[in-house]
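This report concerns only the one structure given below.
The values are calculated or read from the model by the stated rules, or taken from the named source; none is laboratory data. Just so it is clear, the structure is predicted and the values come from calculations on it, not from any experiment. Neighbour counts run over all protein chains shown; Cβ positions are idealised from the backbone, glycine included.
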Amino acid sequence: MPAEKVFWQDPYCTELTANITSVEGDVITLDRTIFYAVSGGQDSDAGTIGGCSVKEARKDGAEIFYTLEGPHAFTAGDEVSVVIDWDRRYRLMRLHFAAEIVLELVYRNFNNPAKIGANIHQDKARLDFVWDGNISEAFVLIEQQANKLISDDHPIRSEFSDPDKERRYWEIEGFARVSCGGTHIRTTGEVGVITLKRKNIGKGKERIEISLME
Ligand SMILES: [Zn+2]
């Protein structure tokens with residue numbers, strides 16, 4: 001049985017007791033976890049398992065493999081405490097949702113331009129598009145609409161569309177329903193004020209960099 005993903009049921013949980021289900025050298029698996037592994041462009045969490053720093057969290061199929069830093073004496077069945085760096089995760093969740101909103105607004109205002117990249121790091125998120133011209137010409141409109149959605153503080157619902165395949169979505173009633181397996185905040189207001197910056201990344205390609213004001 002792959003780890004139960006408690007980060008989906010409760011993305012605000014910062015500490016969890018779990019059991020180790022396998023150990024292979026410095027790589028372990030757990031029966032349940034709050035420690036997100038990089039996917040969908042969202043960076044992995046940082047934190048500890050049983051007091052050991054996690055060097056890497058990697059999702060393979062439905063299982064998450066954690067590579068521990070330094071020596072350990074764990075064996076399968078051990079009970080451990082899983083602790084995540086909440087400041088980092090919360091910034092990732094806020095930036096992730098800022099990127100969700102901006103992406104959706106770019107799609108609907110500019111006739112679904114092709115997205116060719118996306119990334120959510122702790123300090124900023126980026127979205128890359130096939131785009132002729134200067135994408136910053138769209139920023140007044142996008143920022144205005146995004147900041148309105150944020151200040152209206154809409155509830156965000158996150159659910160499974162297909163639990164067996166671990167397919168999930170988020171939904172804001174009256175705005176959008178989008179497939180995504182990331183961790184999501186509860187309301188749009190949590191994002192706070194965002195700013196956009198343009199980067200040209202080659203002919204016919206434009207990047208939007210999204211930052212949080214605080
Ligand atoms: Zn998402």
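What the table shows:
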| quantity | calculated |
| --- | --- |
| Flag if ILE185 is surrounded by 18 or more Cβ atoms within 10 Å (Cβ to Cβ), within 13 Å of the ligand (Cβ to nearest atom) and outside the structural domain of ASP43 (by TED's automatic domain parsing) | yes |
| Neighbours by Cβ (under 6 Å, 6+ apart or cross-chain): first from region 165-183, over 18 Å from VAL102 (Cα atoms) and touching a residue at least 40 places away in the same chain (Cβ under 8 Å); second within 12 Å of the ligand (Cβ to nearest atom) and assigned to a loop (DSSP other than H, G, I, E, B) | ARG168/GLY181 |
| Counted residues, region 125-149 - those being within 16 Å of the ligand (Cβ to nearest atom) and in contact with a strand residue (DSSP E or B) (Cβ under 7 Å, 6 or more places away or on another chain) | 4 |
| Answer from GLU190, GLU214 - the residue that is within 16 Å of the ligand (Cβ to nearest atom), under 28 Å from TRP8 (Cβ atoms) and out of contact with any strand residue (DSSP E or B) (no Cβ under 9 Å at 6 or more places or on another chain) | GLU190 |
| Unmet criterion (only one of (1) outside any loop (DSSP other than H, G, I, E, B); (2) closer than 17 Å to ALA3 by Cβ) for GLY77 | (1) |
| Residues (of a type outside the set (A, V, I, L, M, F, W, C), surrounded by 17 or more Cβ atoms within 10 Å (Cβ to Cβ) and assigned to a loop (DSSP other than H, G, I, E, B)) located in region 15-55 | TYR36, GLY41, ASP43, SER44, ASP45, GLY50 |
| Subset of region 33-68 that is charged (D, E, K, R) and in contact (Cβ under 8 Å) with a residue 40 or more places away in the chain - its residue that is nearest to LYS165 (Cα to Cα) | GLU63 |
| Hits in region 169-210 (condition: out of contact with any helix residue (DSSP H, G or I) (no Cβ under 8 Å at 6 or more places or on another chain), among the polar types (S, T, N, Q) and either over 17 Å from GLY117 (Cβ atoms) or in a loop (DSSP other than H, G, I, E, B) (or both)) | SER179, THR187 |
| Candidates ALA73, ALA114, filtered to the one that is under 30 Å from THR21 (Cα atoms), more than 15 Å from the ligand (Cβ to nearest atom) and not charged (D, E, K, R) | ALA73 |
| Subset of region 149-163 (residues that are in a helix (DSSP H, G or I) and among the hydrophobic types (A, V, I, L, M, F, W, C)) | LEU149, ILE150 |
